[in-house]
Amino acid sequence: MILALVVAATVVAALLVVAGLASTLARRRIGLVHLALAGVLEAVLLVQAALALAGMDGDTPADAPTFLGYLSGVVLIPVAGVLWARSEVTRWAGSVLAVAGASVGVMVWRLLELWEATGA
Amino acid sequence: MPDERTLGAPADPGPGGSGAARVLVALYAVFALAAGSRAGVQLATRFDEAPLAYLLSALAAVVYLVATVALARGPAGRRVALVAITVELVGVLVVGTLSLADAAAFPDETVWSGYGRGYLYVPLVLPVLGLSVLLRRRSDRPAQR
């Protein structure tokens, strides 16, 4: 896990939350802005996941099953959010993406915490 | 209009009042995933350390999953959603209280420990939101079954 990538993911996820809420407030469906943000977010998460998988050893992270659970969950959330939001014709499409973005923003920090925790 | 492609086309108005429920489904889906993976890991790797807490984690995950599906089905899933969300509210209050009063029985965190403090108290807010949406939906459309 690389702190810079965690921060980057958080920033992009926050932008996605803002863009999603904005389109709900503006009574619009989602557009290319949302898809681009979700795409960048997914790319950052995939790079992070690949580096984390490559960097795993017996001691890091101490709780490997939980870490892998979160890691696989976090890379699926933007994909699921986009699939749902694209099929949503009401203004709530953006809110769905905002929920996805907020979840990712929280989960990457939980991942970092799990990564840095030392085994008891 | 390029603006529509970039920022999104104007939305259909959609059925009134259904939007909040849709966001609720998204939140419940996230929690079903979070609680489910947590319970799966706990039950698979260290069940004997804290069987009570881990079984409660699994119960929470099932409740979230049932609530997600029932909410997504709309009026057809209304009764199931009401039951699931009521169970959830009782669960988070009872487990939250027990985890603070008898910490020895809960050596490891569950989703509902300390009223969901490990999850920014979302587990405490979610059932209240869920019940308010469901009850409002009934008063909106009293004739519909």
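Values quoted throughout were computed directly from the atomic coordinates according to the rules given, and no laboratory measurement underlies them. Treat the numbers as computed from the prediction; the structure is a model and nothing was measured. Ideal geometry is used to build each Cβ from the backbone, glycine not excepted, and the neighbour counts take in all protein chains shown.
Brief remarks on what is shown
- Prolate/oblate/rounded call for the protein assembly as shown, Cα gyration tensor, a/c under 1.5 rounded: oblate
- Each peptide in A:40-48, B:124-132 was scored by the mean count of other Cβ atoms within 10 Å over its residues; highest first, the order is A:40-48, B:124-132.
- Averaged over the residues of peptide A:99-106, the number of Cβ atoms from other protein chains lying within 10 Å of each residue's Cβ is 4.
- Spin-label model, A:Leu32 to A:Val18: label points 7 Å out along the Cα-to-beta-carbon direction sit 2.1 nm apart.
- By average C-beta atoms within 10 angstrom, highest first, the peptides A:90-102, B:43-55: A:90-102, B:43-55
- Binned Cα-Cα distance frequencies in region A:3-116 - 10 Å width, integer %: 15, 46, 25, 11, 2, 0
- Note on chain B: Cα convex hull, mean projected area over all directions, 10.8 nm².
- For the segment B:25-31, counting C-beta atoms of other chains within 10 Å of every residue's C-beta and taking the mean gives 6.
- Counts of other chain beta carbons within 10 angstrom of each beta carbon in peptide A:60-67 average 2.
- Calculated FRET efficiency for the pair B:Ala76/A:Leu51, C-beta based, R₀ 45 Å, to 0.05: 0.50
- Exposure proxy for A:Ile30, A:Ile77: other Cβ atoms within 10 Å of each Cβ, ordered fewest to most, give A:Ile77, A:Ile30.
- Considering only alpha-carbon pairs that sit under 8 angstrom and 6 or more positions apart, the relative contact order computed for chain B is 23 percent.
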